[in-house]
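One structure below.
The values are calculated or read from the model by the stated rules, or taken from the named source; none is laboratory data. Just so you know, these numbers come straight off a predicted model, no measurement behind them. Here the Cβ positions follow ideal geometry from the backbone for every residue, glycine too, while neighbour counts run over all protein chains shown. SASA here: full protein model, heavy atoms, side chains in, ligands and nucleic acids out. Shrake-Rupley method; radii C 1.70, N 1.55, O 1.52, S 1.80 Å.
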Amino acid sequence: MTGREFEDFVVDLCRRDGCTDVRRVGGSHDNGADVLGTLPDGRSMVIQCKRYTPKRKIPSREVRDLLGARVHFKVDVAIFVATTYFSRPAENFATENDVLAVHRDHLGLWNNGASLLSLGTVNGLGQGDRRHRERWKATYE
């Protein structure tokens, strides 16, 4: 799937969960936003989508950029959706600044029917247990 197809996939998941006014705005000069819309509870949102290889982790600077996008677009909620994991500093920064960090495991939950809003309850609670990380390393490193 291309980056644009991944953004469209995230838009479709948002709409499935009852989000409204959802639109893809990604591209060059997107001011750190790939998707804008409104959550089912009425809060506005900005989403940054990153389709990276499993070996690459999301650095904290990219989460900081999303925080800037939240300010720029004057929205209530910032969500970072990635096909990989976040570095430890990036995950910590996200939780300290109320950014919902949807890594590959949470993306799988979301794709399999969990609602976007329900992912907030697992935000920042780690990225797989020890056995999961060992299998991941054996596969991708």
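A few notes on this one:
- Accessible surface of the chain, 1.4 Å probe, proportion on carbon and sulfur as whole %: 47
- Only the Cβ atoms of Lys and Arg (+1) and of Asp and Glu (-1) were treated as charged; on that basis the dipole of the stretch 1-59 about its Cα centre amounts to roughly 360 debye.
- Among beta bridges that DSSP assigns inside the chain, antiparallel share in %, nearest 5: 40
- In this structure the chain gives 53 Å² per residue of accessible area when probed at 1.4 Å with all protein chains present.
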